[in-house]
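Participant: The structure that follows is given in the form of structure tokens.
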Amino acid sequence: PFPTWDLSLVLSRLLRAPFEPLRLAEPKFLSWKVAFLLAFATAKCRSELRAFSKRVLHTERWDSVTLRPLPNFVAKTEVPGRPETRLQDVTLPALAPFVGPDLETDAKNCPVRAVKVYLARTQDKRGDRQEFFIPHKLGIRTSIAPATISSWIKKTILFAYQDASPEEAASIQARAHDLRALAASWSLHSSTRTSDILKAAQWRSHNTFTSFYLKDMTLYEEEILKLGPLVSAQTVTNV
């Protein structure tokens with residue numbers, strides 16, 4: 001089946017205000033964009049995104065970042081006695097090495113850049129919270145729920161469609177869960193090995209991917225390619 005909404009449209013919208021410049025964006029739009037990019041770049045579900053720690057590892061020049069899960073997190077697919085089923089560290093490459101100095105726009109959807117800016121802008125608001133994602137509203141002291149991350153992703157999709165025609169906006173079915181499917185499907189469409197995609201999403205069988213997540217990306221291929229390199233399912237594509 002084809003996706004129910006246009007990935008290229010949303011990614012294009014993230015390149016402009018109010019999401020950019022990211023270091024000046026309102027906390028709400030900062031949170032939305034970072035959640036969307038990390039969901040696409042990691043191919044993880046909302047509970048796993050919620051489980052990443054603020055203690056992010058990075059190279060000296062921020063050529064990559066490694067997201068680490070909180071020690072007490074138990075994934076719903078984790079099997080006791082099988083450590084390979086636990087949420088593993090996730091290393092994401094930066095886009096800067098793949099774009100020229102005159103193509104800065106192509107790096108605005110870089111997940112490494114998003115992580116770097118998000119950590120800097122939320123540092124003074126974290127308190128003793130250990131999670132990577134924190135509430136963007138002032139005065140909230142509790143940790144966010146996985147459903148909050150889903151809400152941010154869904155709101156990003158719907159916001160992008162504000163510029164679309166009424167017919168297009170009415171036809172979409174915005175679901176945050178679809179972003180994981182699109183990340184894996186685009187990686188496969190871009191010739192990433194199936195084994196690498198399964199490892200990124202921690203699917204034990206290719207049947208899970210092909211039966212429930214695989215989407216036909218040919219309809220949006222041309223517009224996605226125009227965006228330049230992307231990180232999907234932990235791999236740089238469009239290069």
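Participant: Within 10 Å of each candidate Cβ there may be at most 12 other Cβ atoms; applying that plus a DSSP loop requirement, which GluC sites (Glu not before Pro) in the stretch 26-118 survive?
Facilitator: Passing sites in the stretch 26-118 are GLU60.
Participant: So, one more: Among (i) 1.10; (ii) 0.92; (iii) 0.96, only one was calculated for this model; which label is it, if the read-out is Cα Rg over 2.2 N^0.38 Å?
Facilitator: (iii)
Participant: For VAL79, put the label point 7 Å out on the Cα→Cβ axis and report which residues of the stretch 200-216 keep their amide N under 11 Å from it.
Facilitator: In the stretch 200-216, the label zone of VAL79 (backbone N under 11 Å from the point 7 Å along Cα→Cβ) covers 204-205.
Participant: Also, quick follow-up: P(r) for the stretch 98-239, please, calculated from all Cα pair distances in 5 Å bins and given in %.
Facilitator: For the stretch 98-239, the binned pair fractions read 2, 8, 13, 17, 19, 18, 14, 8, 2, 0 percent.
Participant: May I pose another question? If Lys and Arg each add +1 and Asp and Glu each add -1, what is the summed charge of the other residues whose beta carbon sits under 11 Å from the beta carbon of SER31?
Facilitator: Around SER31, the charge tally is +4.
Participant: Taking only Cα atoms of the stretch 7-115, what ratio of Rg to Rh do you get with Rh as the Kirkwood inverse-distance radius?
Facilitator: Working: Rg = 15.3 Å, Rh = 15.2 Å.
Checking Rg against Rh, the ratio lands at 1.01.
Participant: Now a separate question. Which chymotrypsin sites (Phe, Trp or Tyr not before Pro) in the stretch 195-224 sit in a loop by DSSP (not H, G, I, E or B) and have at most 13 other Cβ atoms within 10 Å of their own Cβ?
Facilitator: Of the chymotrypsin sites (Phe, Trp or Tyr not before Pro), not one in the loops of the stretch 195-224 has a Cβ with at most 13 other Cβ atoms within 10 Å.
Participant: Okay, next question. Hey, how many Å between the Cα centroid of the stretch 14-52 and the Cα centroid of the stretch 192-222?
Facilitator: Comparing the Cα centres of the stretch 14-52 and the stretch 192-222, I get a distance of 22 Å.
Participant: Moving on to the next point. Divide by every residue of the chain the summed helix terms, -39500 (n - 2.57) for each DSSP H run of at least 4, and state the resulting mean residue ellipticity at 222 nm, rounded to the nearest 500 deg cm²/dmol.
Facilitator: Helix contribution divided over all residues of the chain: -11000 deg cm²/dmol.
Participant: Taking the chain, how many lysine pairs are there with alpha carbons less than 16 Å apart, if each pair must be eight or more places apart or span two chains?
Facilitator: Eligible lysine pairs with Cα atoms under 16 Å apart amount to 20.
Participant: Over the stretch 128-239, calculate the relative contact order: mean separation of alpha carbon pairs under 8 Å at least 6 apart, over the residue count, as a percent.
Facilitator: It rounds to 21 percent for the stretch 128-239.
Participant: Test of understanding: in a Gaussian network model of the chain with alpha carbons linked when under 10 Å, which of ASN72, ASN109, ASN207 would top the mean-square fluctuation ranking?
Facilitator: Highest fluctuation of the listed residues: ASN72.
Computed from the coordinates by the stated procedures, all read-outs in this text should not be read as laboratory data. Only a predicted model underlies this, so the values are computations on that prediction, with no experimental measurement involved. Here Cβ is always computed from backbone atoms with ideal geometry, including for glycine, and neighbour counts include all displayed protein chains.
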